[in-house]
Amino acid sequence: MLLLRRCPRLTRLCSVRHAATPALAPCAVPCSAPYAAPYAAPCAARFSSDTDFRESRWSRRWTHAAAGLLAGTGAVLAYALHQHQAEKADAITGPPVDKLPSSSPSSSPSSSSSSLPVFSQEEVSRHRSLEDGAWVTFKGGVYDITEFVAMHPGGDKILMAAGGAVEPFWALYAVHNQEHVLEILSAYKVGELSVEDQKKQQHLNPSDPFSADPERHPVLRINNLKPFNAEPPPEILTESYVTPNMLFFKRNHLPVPHVDPAAYELHVEIQGASAERGGTLSLTLDDLKTKFPKHTVTATIQCAGNRRSDMHKAKQVKGLNWGIGAISNATWGGAKLRDVLLAAGYSPDDAKWAKHVQFEGLDQDVGGTTYGASIPLKKALSEDGDCLLAYEMNGETLPADHGFPIRAIVPGTVGARNVKWLGKIVVSDVESSSHWQQNDYKGFSPSTDWDTVDYKTAPAIQELPVQSAITVPADGAVVDRDDEEVLLKGYAWSGGGREVVRVDVSIDGGKTWQTAQLKGSDEGGTAEAAAPPPGQAWAWKLWELTVPLPEDEQEMEVVCKAVDSSYNMQPDSILPIWNLRGVLSNAWHRVHVKIDEGGE
């Protein structure tokens, strides 16, 4: 009954079903009922003359709901299997063709092979919420899963697929690829996707340099389309210690280059090397994989603009409005940068003049300008620096969006220096002359504005400051008083290999604090059990804390702050660290959570 009280939609269904007799009597639910709402427009006409079809689907959905409420998710799955054979014809074929309106605007010649109505993708995309109805497509079928959301074992995450194809999400959560799941889905089929939309493919536009960019997962929250920049939803970000490739945040400055791996060459130059020692080296992709030992490192990459939206709320800044998801963690595999530089002829004598290692990418704008950046030579050559020329990401070939075939991985350093699609490396006495090294990714005083800024007065960002954020619950979330407690989750990380040693959490805006439990791997052990060597803490820590709901409050202000091994701590507010580009945003992260007192 508690679940019924928390699900008004199901409560209304329950009252309707109890009022209807007998069980398979004609549908007593008016068109204004919750089930009918998703079809009000443009679909009401299609079903208005089909009471039997609606009743059979209505009865079937309520039966699934009752099974879930009374016996749990497992019973829903088992019941679906038991009922499927008896209901399959009705669930999949629907009403007779002659009962469908002949003037349906979405009808097409292709619909003659199916008795279900045909919908366009535009119509499906209108159904993205419980209020409008939650529809998904799967292999050409259209499914209304609105009533199933409350029973979904994964909670309301299923709504992320609403209005579009469910396949990309099932690829993310592979547990769905089972026969009994398909059986359950079949009971919610309401139509077919138009042949035109099924066959629609991405058409390359030669005049658009971004038209050949790779496909991205639809769950990503897009901050900019061209060039593509997107972050995963926070609640998904910390589901896994190692971020799946498809969910790893995307930060592109230029169109994604298409590189032929067979023709690829990486050019390495030691500017001051003598002729006897060489000083130049060209390596194929196969050379990097076979001539150098492979190393792996798990490292977090964070954009300098992560949490820029917090700064923007305090005072306007320029830049992509990143939330808390411009950070991800992966296991990278490749050749050590140090090994490649030594193979190119670098010697200790070069340290007398060389200070920097420049990276140049293969991505370029329409004028031929390529992306570039540089890092300190000391970092590149350090045996403990773990800098890689990576060709693998989480055990797979490096994806196109993340630098295929080779990218620089500079652990503990801002994402802008982890150059993708690497084409050239230069050991030099000067920094990269690239715009992104000289005139961007620098921090300034809060008093500096666009009329007074002088980029030459500030060093380029390398190591990032200590950071943490709350991923669950979301800002504005509502929790039920009857739950008595709430689980808080988030991430914490610090640059330069400094390990996060503590995350403090408050539910009263910072008046009192509790210490969260840290997780340093996917094995489920504590962070202490998997402590990295000092100075080599390249990966984030995930944290959790379960707290009781405050008795006399109707809202919680949840705050988190991290402490690293150098006892650096996050500042408590934005304004003292505000800067015109909105970078280095690492003040205490805050979310407001409302407590629902319940009641009828």
Problem - Contact order normalised by residue count of segment 312-412, Cα under 8 Å, 6+ apart, percent - result: 29 percent
Problem - Spin-label pair ARG481/HIS258, simplified geometry with 7 Å Cα→Cβ offset, distance in nm - result: 6.1 nm
Exercise for the section: Taking 7 Å along the Cα-to-C-beta vector as the label spot, tell me the GLN198-ASN224 distance in nanometres, rounded to one decimal. Expected result: 3.9 nm
Fill in the blank from the handout: By the mean-Cβ-within-10 Å protection proxy, highest first, 465-478, 499-512, 295-308 rank as 295-308, 465-478, 499-512
Fill in the blank from the handout: Treating every alpha carbon of segment 462-515 as one equal point scatterer without solvent, the Debye formula yields log10 I(q)/I(0) values at q = 0.15, 0.25 Å⁻¹ of -0.56, -1.12
Practice task
Read phi for every residue in segment 462-473 and hand back ³J(HN,Hα) as whole Hz from Karplus 6.51 cos²θ - 1.76 cosθ + 1.60, θ = phi - 60°, with x for Gly and Pro.
Solution key: 10, 6, 9, x, 4, 9, 7, 7, 9, 9, 9, x
Practice task
Note the full-extension length gain between THR397 and THR280 as 0.36 nm times their separation in residues minus their Cα-Cα distance, in nm to one decimal.
Solution key: 39.4 nm
Handout entry: Solvent-accessible surface (1.4 angstrom probe) belonging to MET556, in square angstrom, nearest 10
Key = 0 Å²
Exercise for the section: Compute the length gained on full extension between ASP132 and GLU553: take 0.36 nm times their separation in residues and subtract their Cα-Cα distance, giving the result in nm to one decimal. Expected result: 148.3 nm
Completion exercise
In whole percent, the fraction of accessible protein surface over segment 440-578 that belongs to carbon or sulfur atoms, probe radius 1.4 Å, stands at 48 percent
Handout entry: As computed over segment 399-518, the Cα convex hull volume per residue (Å³)
Key = 203 Å³
Practice task
Could you tell me what % of all Cα pairs in segment 292-421 have separations over 20 Å?
Solution key: 51 percent
Fill in the blank from the handout: For segment 257-271, Karplus-derived ³J(HN,Hα) couplings (6.51, -1.76, 1.60; θ = phi - 60°; whole Hz; x for glycine and proline) come out as x, 9, 10, 7, x, 6, 9, 5, 9, 9, 9, 10, 9, 9, 4
Handout entry: Rg in Å to one decimal, and Dmax rounded to a whole Å, for segment 441-600 via C-alpha atoms
Key = 18.1, 64
Exercise for the section: Could you state the accessible area per residue of segment 434-522 in Å², with a 1.4 Å probe and every protein chain left in place? Expected result: 45 Å²
Exercise for the section: Under 13 Å Cα to Cα from LYS315, which aspartates and glutamates show up? Leave out anything in the same chain fewer than 8 places away. Expected result: ASP449
Handout entry: Quarter of the Cα convex hull surface for segment 184-331, i.e. its orientation-mean projected area (nm²)
Key = 16.5 nm²
Fill in the blank from the handout: Spelling it out for TYR491: with amide H atoms placed in the peptide plane at 1.01 Å from N, the residues 5 or more places away or on another chain with amide H under 5 Å from its amide H are ALA469, THR471, TRP543
Handout entry: Stokes-Einstein translational diffusion, segment 271-341 - Kirkwood Rh over all Cα pairs, 0.692 mPa s, 37 °C, in µm²/s
Key = 206 µm²/s
Practice task
Enumerate the lysines that LYS157 could reach by cross-link, defined here as Cα to Cα under 17 Å, with residues fewer than 8 away along the same chain left out.
Solution key: LYS489
Problem - Value of relative contact order over segment 434-580, rounded to a whole percent, pairs C-alpha under 8 Å and six or more apart - result: 30 percent
Fill in the blank from the handout: So the compactness index of segment 317-384, its C-alpha Rg divided by 2.2 N^0.38 Å, takes the value 1.50
Handout entry: Two-site label geometry, GLU265 and ARG216: point separation in nm, points 7 Å out along Cα→Cβ
Key = 3.3 nm
Fill in the blank from the handout: Scalar couplings 3J(HN,Hα) for segment 155-164 by Karplus 6.51 cos²θ - 1.76 cosθ + 1.60 (θ = phi - 60°), nearest whole Hz, x for Gly and Pro, are x, 7, 4, 4, 5, 5, 8, 4, x, x
Exercise for the section: Measure of size requested: the Rg and Dmax of segment 414-459, with Cα atoms as the atom set and Å as the unit; please supply both. Expected result: 13.1, 39
Exercise for the section: For GLU463 and VAL366, calculate 0.36 nm times their separation in residues minus their Cα-Cα distance, and state this gained length in nm to one decimal. Expected result: 31.8 nm
Practice task
For the pairs LYS291/LYS442; LYS226/LYS313; LYS355/LYS561; LYS226/LYS352; LYS226/LYS456; LYS139/LYS424, note any where the Cα-Cα span goes beyond 32 Å.
Solution key: LYS291/LYS442; LYS355/LYS561; LYS226/LYS352; LYS139/LYS424
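The values are calculated or read from the model by the stated rules, or taken from the named source; none is laboratory data. Nothing here was measured: the structure is a model prediction, and the numbers come from that model. Ideal geometry is used to build each Cβ from the backbone, glycine not excepted, and the neighbour counts take in all protein chains shown. Ligands, DNA and RNA are excluded from the accessible area calculation, which covers all protein heavy atoms including side chains. Shrake-Rupley method; radii C 1.70, N 1.55, O 1.52, S 1.80 Å.
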